[in-house]
Amino acid sequence: MTRKGHKTVTIKEIAATCGVSPSTVSLVLNGSEKIKKSTRERVLKTAQRLDYQPNEMARSLVSSRSRCVSVTVPALAHVFSDVYFGEIISGIYQEANEAGYKILLDIAQESFIGGKEYLNILRNRRADGMLYIASTIEDRFLLEFEEQPYPVLLVNHYFPDSSLDFISVDYKAAARLASKHLLDLGHRRIGLIIGTNTFTGLDFRDEFLVRCERRGIERKYLPWASVKDWDEQEGYEAARKLITRHPELTAIMAGNDRMAIGAIRYLVSKGIRVPEEVSVMGMDDIPSARYTTPGLTTLRMDLFLLGCQSCRRLLDLLDGRRTECKDLNEPHLVLRESTAEANPASRRLSPSE
């Protein structure tokens, strides 16, 4: 209570009345001119009408920066040795360092989530904002940030119908590029290896299947195998299942390069020539993709650049240069030797193999 009988008005109440986010109200009340003039005037008038009284202690905390960015990754085995996360984190570090910021690395383990450490890091000013890399469909706890004033940006994932800010590769565009490449080579029996624990993975799968169907391929000739950890071992096992159940396949599309490399390893172990009998394609264009035998055809995502951009966008949100971020990066086709024209006379495995 500010005085007897007078209820304290909060930033959230002003935001709800104005139809804007709490972070926008905070920026306006702290004198930022980065917000659109009409919005700024509406917020100020509403604050005056509701008799908003700023908390000077809270204001002094807002004005002090930790000059640190929280970077959080999923709880995967050896996650920091994964080239996918390594590339993104390296980009974040470079951008943060140039801006005079440090980074605070965390893994979203059970204790991190159960103890709401993801909130405490920002509440206690240990970091000014958070970058959460490669969240999954199960990470619903992140939606709590919709009601918080802290700058949080999802990196290479998003939640449909959520107001959370994100920057990601456009996986629907990636599916269009991949399907066109394989279909133009004459492939009409294509297996897909993809993780269905992310909305980006579902975007790729659904768009890939739709694009193939539009080119006259029946869904029964487009089998797919679901994975969780997106690594070489899962690519190997998924390729084994696909080829065993569908020996007529002439191409395999993997959701990342690591799984594609695992798929190639399985095919070679069975004496199946790549790409003469089965073409294989990946995504990400990690450094080892060019050194596989044969070289891996893939979709370049430029993960290092994505890391740089994600940090830059977060700092823009923090400083009021942006009020939201819903950015998509375009992938690019990288042609190497692992894909070739479909060979109708290629050897077929029997189901028993």
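Consider the stretch 27-50 and keep the residues that are outside any loop (DSSP other than H, G, I, E, B) and aliphatic (A, V, I, L, M). The one that is surrounded by the fewest Cβ atoms within 10 Å (Cβ to Cβ) is 44.
Of everything listed in (1) farther than 23 Å from residue 173 by Cα; (2) at pLDDT 95 or above; (3) touching a Leu at 6+ places or on another chain (Cβ under 6 Å), the single unmet condition for residue 275 is (3). When the stretch 138-157 is limited to residues that are touching a helix residue (DSSP H, G or I) at 6+ places or on another chain (Cβ under 6 Å) and part of a loop (DSSP other than H, G, I, E, B), the one that is surrounded by the fewest Cβ atoms within 10 Å (Cβ to Cβ) turns out to be 149. Scanning the stretch 272-288 for residues that are assigned by TED's automatic domain parsing to the domain that holds residue 222, part of a helix (DSSP H, G or I) and not hydroxyl-bearing (Ser, Thr, Tyr) turns up at least one hit.
For the stretch 97-108, the set of residues classified as surrounded by fewer than 12 Cβ atoms within 10 Å (Cβ to Cβ) and not charged (D, E, K, R) consists of 100 only. For the stretch 289-322, a residue qualifies if it is among the aliphatic types (A, V, I, L, M), in contact (Cβ under 8 Å) with a residue 60 or more places away in the chain and either in contact with a Phe, Trp or Tyr (Cβ under 7 Å, 6 or more places away or on another chain) or not in a helix (DSSP H, G or I) (or both), and the qualifying residues are 299, 301, 303. Take the stretch 13-36 and flag every residue that is farther than 16 Å from residue 317 by Cβ and either in the same structural domain as residue 320 (by TED's automatic domain parsing) or modelled with pLDDT of 85 or more (or both). Within the stretch 13-36, 13, 14, 16, 17, 18, 19 qualify. If you go through the stretch 94-112 and keep only what is within 21 Å of the chain's Cα centre (by Cα) and under 20 Å from residue 165 (Cβ atoms), you end up with 95, 96, 103, 104, 106, 108.
Restricting to the stretch 158-181, and then to whatever is of a type in the set (Ser, Thr, Tyr) and surrounded by 24 or more Cβ atoms within 10 Å (Cβ to Cβ), can you tell me which residue is nearest to residue 322 (Cα to Cα)? Please lay out each step first, then the result.
Start the filter on the stretch 158-181 by keeping residues that are of a type in the set (Ser, Thr, Tyr), which leaves 158, 162-163, 168, 171, 179.
Now narrow it down to the ones that are surrounded by 24 or more Cβ atoms within 10 Å (Cβ to Cβ): 171, 179.
On the way: 171: 24, 179: 35 Å.
So, considering only residues that are of a type in the set (Ser, Thr, Tyr) and surrounded by 24 or more Cβ atoms within 10 Å (Cβ to Cβ), the one nearest to residue 322 (Cα to Cα) is 171.
Report, by residue number, each residue of the stretch 212-235 that is in a helix (DSSP H, G or I), crowded, with 19+ Cβ neighbours inside 10 Å and not acidic (Asp, Glu). Correct list: 212, 235. Checked against (1) touching a residue at least 12 places away in the same chain (Cβ under 8 Å); (2) surrounded by fewer than 22 Cβ atoms within 10 Å (Cβ to Cβ), residue 184 passes all but a single condition, namely (1).
A count restricted to the stretch 211-237 and to residues that are among the β-branched types (Val, Ile, Thr) and over 18 Å from residue 284 (Cβ atoms) stands at 1.
The values are calculated or read from the model by the stated rules, or taken from the named source; none is laboratory data. Predicted, not measured: the structure shown is a model, and the values here were computed from it. For neighbour counting, all protein chains shown are included, and Cβ atoms are generated from backbone atoms with ideal geometry for every residue, glycine included.
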